[in-house]
1. Of everything in segment 101-110 that's more than 10 Å from the ligand (Cβ to nearest atom) and small (Gly, Ala, Ser), which residue is most open to solvent (accessible area, probe 1.4 Å)?
2. Condition test on LEU36, is it away from the ligand (no atom under 16 Å from the Cβ), within 30 Å of THR520 (Cβ to Cβ) and open to solvent by 10 Å² or more (accessible area, probe 1.4 Å)?
3. Mind checking which residues of segment 7-16 are surrounded by 18 or more Cβ atoms within 10 Å (Cβ to Cβ) and part of a helix (DSSP H, G or I)?
4. Spot the failing condition for LYS244; the list is (1) open to solvent by less than 10 Å² (accessible area, probe 1.4 Å); (2) touching a helix residue (DSSP H, G or I) at 6+ places or on another chain (Cβ under 8 Å); (3) closer than 27 Å to VAL274 by Cβ, and only one is missed.
5. THR209 is checked against (1) more than 16 Å from the ligand (Cβ to nearest atom); (2) closer than 22 Å to VAL517 by Cα and fails just one. What number does that condition carry?
6. Within segment 336-358, is there a residue that is of a type in the set (Phe, Trp, Tyr) and either within 16 Å of the ligand (Cβ to nearest atom) or farther than 24 Å from LEU88 by Cα (or both)?
Amino acid sequence: MTAEKIKELISQMTLEEKASMCSGADFWHTKAIERLGIPASMVSDGPHGLRKQDEKADHLGVNESIKAVCFPAGCATAASFNRDLIYLMGETLGNECQAEGVSVILGPAMNIKRSPLCGRNFEYYSEDPLVASEMAGALIAGVQSKNVGTSPKHFLANNQETRRMTVSSNVDERTLREIYLAAFEGAVKKSKPWTIMSSYNRINGIHATESKKHLTDILRDEWGFDGYVVSDWGAVFNRVEELKAGLELEMPSSNGENDRKIVAAVREGKLDEVILDRAVERLLTIIYRFEDNKNENAVWDLEKDHEIAKKIAEETIVLLKNDNNILPLKTDANVAFIGKYALKPRYQGGGSSHINSKKVTSALDSVEKYTKVTYAQGFDDKEDVTDEKLLAEAVAVAKQADVAVIFAGLPDSFESEGFDREHMRIPNCQNELIDKVCEVQKNVIVVLHNGSPVEMPWVNKVSGIIEAYLSGEACGAAVTDILFGAVNPSAKLPESFPIKLEDNSSYLSYLGEKNEVEYTEGVFVGYRYYDKKKMDVLFPFGHGLSYTEFEYSNLKLDKTAMKDTDTIKVCVDIKNTGKVAGKEVVQLYVSAPTGTVIRPINELRDFAKIELQPGETKTVSFTLDKRAFAYFNTTLDDWHVESGEYIIRIGKSSRSIECEAGVYIESTVRVPVVYTLDTPVCDIKDDPMAYEIAKPYIQVDEIMGDSEEGDAASEAISPQMLAAMINFLPIRGMISFSNGKISLKDLEELVDKLNSLNK
Ligand code: BGC
């Protein structure tokens, strides 16, 4: 339907009808207006499968939904670092939605993994905003290529489950921009989601649903979002103000309650009807974007899509450790599979994303094509209690094998939507099982099923570790193919695994006090913190092994100096030096020079995934613009690059940098500074134009005596001390230390001159 027709339709609607469009008819539908032929539009949960429900609806995954395919969850898809693959997942989901008449799939969930403890981390992508934005962006683009909408969620700074409907995430502006908004920004700009879901929480005291700054000023005006904003289910609390702020759709239904408030506000002159019309226009635009592009011939096939889920799962499983190439396993080895998850894998998490899978492959089913294994359950995951009988059986099975593969991880009671984890451990009974097996078997491999980092007290006792994440219903087959080498692992960690929870930068402030959470770590989330602190981690961000080796060489930048308005091209050669074909995730980090703001050591600015045959070399190229070097300057209210030498680092992980090269960047933007008599000399020196003007006024004879700046006047007074005395001297200090050469009037004049630079 054209924009004109939509406007015409709105002009025929009564005030009540318009208000009624702004909330759901029920749990999953918008309201129809039969008189005008406006259809109801169905939205459905996902995002790693279709949770389409019929009559019995809920947002916690309690009631049944249709049989569907469970693809790998966000934690796993991020680990693939493969945009094309996740685009394919999106296309597949989009087709399923078309076949099921679903106009919008509610996802991707793309909040930053601020702490390993967030209960919904399994749905989320990364601790890094670029990874979250790029991978979620690929999913959005894939779904929408089928003319079905997405709803990236939960906008914004929804990083915990505890008190999620009332808590305030108190985050400074720079951190919001560089980390929490950035996770959404690229995806919104590039993939143009049809809708966005605003979160339950407050942001710096204001409900996300009512934050005009985020829903309108940034999302629409800056990033160009042109769809509708939907509330998270039950997030609405102040309907009229939320409509003004840019929240078009309330979900689910409020049984007419909030529609009446909208009508009353218009009648009482408290809400301009133009705002309501605009909201309805945005809603109808998306509703008809789906209606007009319905694919009546769309069909989907559980089997076919299961195979796609398998293909995706293969690239989401990370090989963390492989001592003495214990993997891949030989088919003639006497292998024991131990652990409940070998039989019943934990392949997805609980809550609104829970998919009703028709078919789940376990490692135990899938291994039959390779060899016959012995099996022992080892533990139960209903409660964290060691079952001595299961433990003894497992130890006996492990003892008679050549190699023991233990399938461990987090049970649903440890990790789910709705609550946060209390610690970073897997159940003690599983840790005990791994320990006991290691006592009788030297070849132990642990396969982990979890959505977020876990502590691994046994890390040095086992020879191999596979992070299988929650990689969907085909995970058993994918893990088995990796164990036996039919698939070469190629995933990398989209998050750091700290050694212990206390190492995480949000440790002191996570969950906060009652309804207030201070994001005290600022931009130092994940590896940005561990790297800055030079801390050892269990496994670093970006880490993941392969059954082959890759050699990096020939890093080339197309320039060594540039302005912040230029772009730079970076090329690097990657060679597969091993014996099997493999895929590598080439990671580009930028390291900023020391300047006036505190910045991380490394920040991921791009990545590429390439496939190489043995002996093959490929050149990977990246183009970086200003944003790759910038931080968010709150005075400019814009991205800013300070002049200096930036290092471009190419690596296999954040801690395995293979080559690097520098580029000098000259800033073309002067950051305005408000000068006062209290401004210290060092701040003037940071501003070259200001320093030129101020030099004649910096008269410090009484500090320097006969010495020059930098010389030691006597043995006890170091040049460093003298320099510091001058640097930290405020402008007004010249009155006391210039031997009467500089007067207050002179300094007031200077301050005026300096401030005139801002004009
Ligand atoms: C969740 C959303 C979900 C919605 C509908 C909410 O509780 O936070 O992610 O899409 O329910 O089920």
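The values are calculated or read from the model by the stated rules, or taken from the named source; none is laboratory data. Nothing here was measured: the structure is a model prediction, and the numbers come from that model. No Cβ is skipped: glycine too gets one built from the backbone with ideal geometry, and neighbour counts run over all protein chains shown. The protein model used for the area step is the full one, side chains on, heavy atoms only, and it has no ligands, DNA or RNA in it. Shrake-Rupley method; radii C 1.70, N 1.55, O 1.52, S 1.80 Å.
1. GLY101
2. Working: away from the ligand (no atom under 16 Å from the Cβ): yes; within 30 Å of THR520 (Cβ to Cβ): no; open to solvent by 10 Å² or more (accessible area, probe 1.4 Å): yes.
So LEU36 fails the test.
3. In the first step, residues of segment 7-16 are kept if they are surrounded by 18 or more Cβ atoms within 10 Å (Cβ to Cβ); the result is 9-10, 13.
LEU9, ILE10, listed by residue number.
4. Answer for LYS244: the failing condition is (1).
5. The one condition THR209 does not meet is (1).
6. As a first pass, look at segment 336-358 and keep what is of a type in the set (Phe, Trp, Tyr): 337, 341, 347.
Within this subset, residues satisfying the condition of being either within 16 Å of the ligand (Cβ to nearest atom) or farther than 24 Å from LEU88 by Cα (or both) are 337, 341.
Yes, segment 336-358 contains a residue that is of a type in the set (Phe, Trp, Tyr) and either within 16 Å of the ligand (Cβ to nearest atom) or farther than 24 Å from LEU88 by Cα (or both).
Yes or no, residue by residue, for (1) part of a strand (DSSP E or B); (2) within 30 Å of HIS207 (Cβ to Cβ); (3) open to solvent by less than 60 Å² (accessible area, probe 1.4 Å):
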| position | (1), (2), (3) |
| --- | --- |
| LEU508 | no, yes, no |
| LEU511 | no, yes, yes |
| GLU521 | no, yes, yes |
| VAL525 | no, yes, yes |
| TYR547 | no, no, yes |
| GLU551 | yes, no, no |
| LYS556 | yes, no, no |
| LYS569 | yes, no, no |
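Yes/no matrix, rows are residues, columns are (1) surrounded by 24 or more Cβ atoms within 10 Å (Cβ to Cβ); (2) among the hydrophobic types (A, V, I, L, M, F, W, C); (3) part of a loop (DSSP other than H, G, I, E, B); (4) within 13 Å of the ligand (Cβ to nearest atom):
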{"residue": "LYS18", "(1), (2), (3), (4)": "no, no, no, no"}
{"residue": "PHE27", "(1), (2), (3), (4)": "no, yes, yes, yes"}
{"residue": "ALA57", "(1), (2), (3), (4)": "no, yes, yes, yes"}
{"residue": "CYS75", "(1), (2), (3), (4)": "yes, yes, no, no"}
{"residue": "ALA79", "(1), (2), (3), (4)": "yes, yes, no, no"}
{"residue": "LEU88", "(1), (2), (3), (4)": "no, yes, no, no"}
{"residue": "GLU96", "(1), (2), (3), (4)": "yes, no, no, no"}
{"residue": "ILE112", "(1), (2), (3), (4)": "yes, yes, yes, no"}
